[in-house]
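As structure tokens, the structure follows; a few thoughts come after it.
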Amino acid sequence: MARLEAQQGSAIRMVVRWSGTEPKLRLMVEARETARVDAALAALETAAREDLGI
């Protein structure tokens with residue numbers, strides 16, 4: 001996440017947190033361009049899967 005923030009700066013906003021009601025990790029990304037959202041979300045998902053071993 002830190003690497004993505006360094007690359008994107010203030011052009012993107014990301015929130016990663018565990019759901020409070022379900023056994024799910026929530027990945028939320030906001031940006032003006034859809035391509036930035038898609039790329040950041042894919043990178044976050046990959047990193048989360050690697051960290052969780054799934």
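The values are calculated or read from the model by the stated rules, or taken from the named source; none is laboratory data. Quick caveat, the model's predicted, so the values are computed rather than measured. Positions of Cβ are backbone-derived with ideal geometry, glycine not excepted, and every protein chain shown enters the neighbour counts.
Across the stretch 29-41, the qualifying residues are those that are part of a strand (DSSP E or B) and of a type outside the set (D, E), and the one among them that is farthest from L52 (Cα to Cα) is A31. The residue that is surrounded by the most Cβ atoms within 10 Å (Cβ to Cβ), among those in the stretch 1-46 that are small (G, A, S) and either touching a Cys at 6+ places or on another chain (Cβ under 6 Å) or at pLDDT 90 or above (or both), is A40.
Of all residues in the stretch 43-54, those that are without any contact (Cβ under 8 Å) to a residue 24 or more places away in the chain have Cβ atoms under 9 Å from Cβ atoms of residues that are not in a loop (DSSP other than H, G, I, E, B), 6 or more apart or on another chain, in E45/L27; I54/A48.
What do you reckon, is L52 at negative phi and surrounded by 11 or more Cβ atoms within 10 Å (Cβ to Cβ)? Here the answer is no, as L52 does not meet what is asked. The residues listed here are R3, R13, R26; of these, the one that is assigned to a helix (DSSP H, G or I) and among the basic types (K, R) is R3.
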